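Participant: Before anything else, here's the structure in question.
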Amino acid sequence: KRMLLRKKEILKRISKPNKESLEVLVILDKTGSTNDEAKKILSDIAEVNKCYAIFAEQQISGRGRSGKTWISPPNLNIYFSLAWKSLLKPAQLEGLSLSVAVAISQKLKPTLSESLKIKWPNDLFLSDKKVGGILIETTSNKEGTGIVVGIGLNVLMSSEEGSAIDQNWTSLSLHLGRDLNRNLIAGLILDAILELVGIFERKGFLYYKPFFEEVNLLKNRECVATFDEVSLTGKVVGVTDKGELIFREKYKTHNLRYGETSLRKI
């Protein structure tokens, strides 16, 4: 039987200062989506920068960006959301999804012996195949901004178990040719995001930008960018200090914003 996620095992990987900001850690057997669960909790949170973590063994209606379905079979992968109330304004959250991706890539590197690459704006890749994704959702009112960071990461999924996925994908175990301890991966990811909350609140994306450039999957690659029903062909140069994509056509450079643009390499 596959090893289930265990609170005690996950908490072993959390550093002491990060544990202090973790208010609640829940592991659900099954849920619609961990982001939806996190959003429910968010409406009750009063205290700023206290973090609520939710893992699920299975998601019935997991979703990715633009409402796409996220395939979420039971007991194989990581489906995780972290929620917190922040004093940052929504405009200050630009680049958060790239920062989350960098934090995960850095934290998992010693275990995987390589860096996860990041496909702007929110996908994690190994060997040009998607291994994970990030979905950030925010709510805002006079008390502050509620932030939910959702992370899906394929850990033990085999080719058969992921056969419904309609793009090139892999899982950590498929890529590495060995099984990994899911509690270890879950703990490292939780530790990474708890740490990120403190850093991002103080320093924003600028802190993560140099690291992002090192693992930018599409850097210097020819790509097609589609936004507002226009498709442009050009090269990915890098990102701005706000995490916008710097995309160079032959005679013109565009700064493309997350949420409005889809990107594929040629």
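The values are calculated or read from the model by the stated rules, or taken from the named source; none is laboratory data. What you are looking at is a predicted structure, and each value in this text was computed from that prediction instead of being measured. Backbone-built Cβ (ideal geometry, glycine too); neighbour counts: all protein chains shown. Areas reflect the complete protein model, heavy atoms only, side chains present, ligands, DNA and RNA absent. Shrake-Rupley method; radii C 1.70, N 1.55, O 1.52, S 1.80 Å.
Participant: Using only Cα positions of segment 217-266, each an equal point scatterer, no hydration layer, compute I(q)/I(0) via Debye at q = 0.15, 0.19, 0.23, 0.29 Å⁻¹ and quote the log10 values to two decimals.
Facilitator: The calculated log intensity ratios at q = 0.15, 0.19, 0.23, 0.29 Å⁻¹ are -0.32, -0.52, -0.78, -1.25.
Participant: Follow-up question, since we're still on this one. Could you please report the charge total around Gln106, scoring K, R as +1 and D, E as -1 over all other residues with beta-carbon less than 14 angstrom from its beta-carbon?
Facilitator: Its environment carries a net charge of -1.
Participant: In addition: Choose one of Asn35, Leu112, Leu196: the residue whose Cα lies farthest towards the positive end of the charge dipole of the chain (beta-carbon charges +1 Lys, Arg; -1 Asp, Glu; about the Cα centre).
Facilitator: Checked the options; the winner is Leu112.
Participant: Sticking with this one: Sort all Cα-Cα distances of segment 183-229 into consecutive 10 angstrom bins from zero, then give the percent of pairs in each bin up to the one containing the longest distance.
Facilitator: 21, 30, 31, 18, 0
Participant: Could you grab the Rg to Rh ratio for segment 158-266? Cα atoms only, Kirkwood for Rh. Kindly include the intermediate steps, with their values, before the conclusion.
Facilitator: Working: Rg = 17.5 Å, Rh = 16.8 Å.
The Rg/Rh ratio comes out at 1.04.
Participant: Output the pairs from Lys50/Lys107; Lys12/Lys68; Lys16/Lys265; Lys85/Lys119; Lys39/Lys109 with a Cα-Cα distance over 32 Å in this structure; if there are none, say none.
Facilitator: Checking Cα-Cα distances, Lys12/Lys68; Lys16/Lys265 exceed 32 Å.
Participant: Divide by every residue of the chain the summed helix terms, -39500 (n - 2.57) for each DSSP H run of at least 4, and state the resulting mean residue ellipticity at 222 nm, rounded to the nearest 500 deg cm²/dmol.
Facilitator: That calculation yields -8000 deg cm²/dmol at 222 nm.
Participant: If one computes the Cα centroid of segment 7-68 and of segment 70-131, what distance in Å separates the two points?
Facilitator: Spelled out, the Cα-based centre of one part sits 14 Å from the other.
Participant: I would also like to ask the following. Averaging over all projection directions, find the projected area of the Cα convex hull of the chain and quote it in nm² with one decimal place.
Facilitator: Details: hull surface 55.7 nm².
Mean shadow area of the hull around the Cα atoms is 13.9 nm².
Participant: What's the magnitude of the charge dipole for the chain around its Cα centre, counting Lys and Arg as +1 and Asp and Glu as -1 at the beta-carbon? Answer in Debye, nearest 20.
Facilitator: For this selection, approximately 440 debye.
Participant: With +1 on the Cβ of every Lys and Arg and -1 on the Cβ of every Asp and Glu, and nothing else charged, how large is the dipole of segment 110-264 about its Cα centre, in debye rounded to the nearest 20?
Facilitator: 500
Participant: Roughly how big is segment 1-73's charge dipole about its Cα centre, with Cβ charges of +1 (Lys, Arg) and -1 (Asp, Glu), in debye to the nearest 20?
Facilitator: 400
Participant: Would you mind telling me the share, in percent, of accessible area of segment 7-95 contributed by carbon and sulfur at probe 1.4 angstrom?
Facilitator: Exposed carbon and sulfur together represent 52 percent of the surface.
Participant: Further, regarding this structure: Hey, got the Cα dimensions of segment 7-70 along the principal axes, in Å, largest first?
Facilitator: Here the spans come out as 36, 28, 19 Å, largest first.
Participant: How much of the DSSP beta bridge set in the chain is antiparallel, as a percent to the nearest 5?
Facilitator: 85
Participant: Right, next: Using Stokes-Einstein with the Kirkwood hydrodynamic radius over Cα pairs, what translational diffusion coefficient do you get for segment 3-110 at 20 °C and a viscosity of 1.002 mPa s, in µm²/s rounded to a whole number? Let's see the in-between values first.
Facilitator: Numbers: Rh = 15.3 Å.
Rounded, D is 140 µm²/s.
Participant: Turning to a different aspect of this structure: Phe200 accessible area, nearest 10 Å², 1.4 Å probe?
Facilitator: About 10 Å², ignoring ligands and nucleic acids.
Participant: I would also like to ask the following. Count charges around Glu249 for me, please; just the other residues with Cβ under 13 Å from its Cβ, Lys/Arg as +1, Asp/Glu as -1. Numbers along the way, then the final one.
Facilitator: Working: positive: Lys235, Arg248, Lys250, Lys252; negative: Glu222.
Once all neighbours under 13 Å are counted, the net charge is +3.
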